[in-house]
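Please read the structure below before turning to the comments.
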């Protein structure tokens with residue numbers, strides 16, 4: 001771990017999920033990066049894509065700091081602490097990365113702590129600090145602190161925790177706790193990261209209408225899976241590993257996939273296409289909201305594609321435009337970037353201007369694999385994973401249900 005014995009020559013175990021988390025929060029794209037920063041980001045992507053056998057990146061502090069230099073945003077001179085993409089000491093195996101290049105030593109790590117976001121917000125409110133004043137007090141980027149408070153950054157390095165606690169004049173133990181075991185650790189993305197992602201997205205979804213609508217397009221991650229596709233009292237056709245047919249999604253909505261490469265559900269249609277053996281892709285319509293800014297640029301109101309109303313207040317950014325950081329009325333923190341991109345925790349979307357108004361859109365592209373017997377499928381999109389079973393009684397399906 002980081003100690004008095006570490007030097008600038010030491011290599012650190014870089015958790016790839018943390019690299020991509022930082023890229024999302026600060027809207028960093030690969031095309032922006034150069035030299036060591038680009039290498040660090042590219043390797044994180046490759047590890048998560050299964051293109052490398054490694055679990056961690058291994059980089060020296062200078063390269064890590066090069067990446068963190070890209071976390072500076074307009075209106076703030078502070079950078080993400082370099083320790084924030086380094087692995088927790090208990091979750092590095094102590095073996096990977098040992099080579100002559102690393103001096104035949106294990107990779108260095110840090111101690112990470114779990115954030116109590118509610119306690120942190122209360123402590124900041126009691127001190128009467130805005131996000132900007134809080135950032136100034138502990139010399140950290142406002143977007144980083146917003147991500148921590150919203151639950152999008154659930155664990156931090158011990159050094160970061162100490163600086164935050166000092167700025168709020170409270171003990172570290174009141175705001176942070178030790179990482180317990182692997183099931184609780186942010187080092188296990190399938191457990192903690194997915195839970196945080198679902199929670200953040202559920203906050204952003206504007207009511208049950210959106211949960212239902214996005215569920216049909218792969219948003220079933222917000223619903224409990226339940227047994228579907230009960231056996232019928234009639235002969236089933238021979239199973240075939242193709243997508244065409246009728247499906248009952250794991251949130252109980254029905255999808256009709258036609259031979260003309262169009263998939264239908266009760267809220268819209270989208271093209272589908274092959275993507276390999278037994279693999280397919282459905283590009284559902286974006287989930288969109290039309291936005292109107294207030295005259296002072298500090299607030300907005302919007303109406304989504306289903307007629308659901310929402311509002312948001314500006315956290316950061318020039319009041320003369322849409323670009324900046326906004327907090328939606330039910331807690332979601334959205335970063336609007338100048339290049340037309342936007343992020344909500346680990347989610348991505350895009351925005352555009354339409355006259356005096358704006359439109360925000362979250363893409364929904366399902367990557368699907370049909371089982372060998374053709375009777376079930378599994379898939380994922382940026383919101384999570386889902387399943388479906390083939391509905392053989394296609395005649396009963398109504399797209400108006």
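The values are calculated or read from the model by the stated rules, or taken from the named source; none is laboratory data. Remember, it's a predicted structure, so these values are computed and weren't measured experimentally. Neighbour counts are summed over all protein chains in view; Cβ atoms, including those assigned to glycine, are modelled from backbone coordinates with ideal geometry.
So how many residues does region 267-283 have that are surrounded by fewer than 18 Cβ atoms within 10 Å (Cβ to Cβ) and in a strand (DSSP E or B)?
Total satisfying the criteria: 7.
Is one or more of the residues making up region 91-106 touching a residue at least 24 places away in the same chain (Cβ under 8 Å) and within 24 Å of residue 150 (Cα to Cα)?
Looking for residues that are touching a residue at least 24 places away in the same chain (Cβ under 8 Å) and within 24 Å of residue 150 (Cα to Cα), one finds none in region 91-106, hence no.
What are the residue pairs meeting all of these: first residue in region 65-79, first residue part of a helix (DSSP H, G or I), second residue at pLDDT 90 or above and surrounded by fewer than 18 Cβ atoms within 10 Å (Cβ to Cβ), Cβ atoms under 7 Å, and 6 or more apart or on different chains?
That search, which allows pairs on different chains as well, returns 66/36.
Return yes or no: is residue 264 over 25 Å from residue 349 (Cβ atoms), in the same structural domain as residue 367 (by TED's automatic domain parsing), surrounded by fewer than 20 Cβ atoms within 10 Å (Cβ to Cβ) and in contact (Cβ under 8 Å) with a residue 40 or more places away in the chain?
No, not satisfied.
Which residues, taken from region 115-143, are in contact (Cβ under 8 Å) with a residue 60 or more places away in the chain and either touching a strand residue (DSSP E or B) at 6+ places or on another chain (Cβ under 7 Å) or closer than 19 Å to residue 313 by Cβ (or both)?
Those that are in contact (Cβ under 8 Å) with a residue 60 or more places away in the chain and either touching a strand residue (DSSP E or B) at 6+ places or on another chain (Cβ under 7 Å) or closer than 19 Å to residue 313 by Cβ (or both): 115, 116, 131, 132, 142, 143.
Go over the candidates 60, 65 one by one and state the one that is touching a helix residue (DSSP H, G or I) at 6+ places or on another chain (Cβ under 7 Å) and farther than 25 Å from residue 317 by Cβ.
65
Any residue at all in region 35-44 that is exposed (fewer than 14 other Cβ atoms within 10 Å of the Cβ), more than 21 Å from the chain's Cα centre (by Cα) and under 26 Å from residue 349 (Cα atoms)?
no
Listed here are the residues, each with its yes/no results for (1) outside any strand (DSSP E or B); (2) over 19 Å from the mean Cα position of the chain (by Cα).
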site	(1), (2)
285	no, yes
288	no, no
296	yes, yes
310	no, yes
313	no, yes
325	no, no
334	no, no
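Write out, first by first residue and then by second, each pair whose Cβ atoms fall under 7 Å of each other, whose residues are 6+ apart or on separate chains, and whose first residue, in region 321-345, is closer than 14 Å to residue 362 by Cβ while the second is part of a loop (DSSP other than H, G, I, E, B).
Between residues of region 321-345 that are closer than 14 Å to residue 362 by Cβ and residues that are part of a loop (DSSP other than H, G, I, E, B), the close pairs are 335/27; 336/322; 336/323; 341/27; 343/27; 344/332; 345/152.
Would you mind finding the one in 294, 250 that is farther than 17 Å from residue 364 by Cα and either in contact with a strand residue (DSSP E or B) (Cβ under 6 Å, 6 or more places away or on another chain) or without any contact (Cβ under 8 Å) to a residue 24 or more places away in the chain (or both)?
None of the other options fit; the residue is 294.
Select from region 348-369 the residues that are on the phi < 0 side of the Ramachandran plot and not in a strand (DSSP E or B) and list them in ascending order.
Correct list: 356 only.
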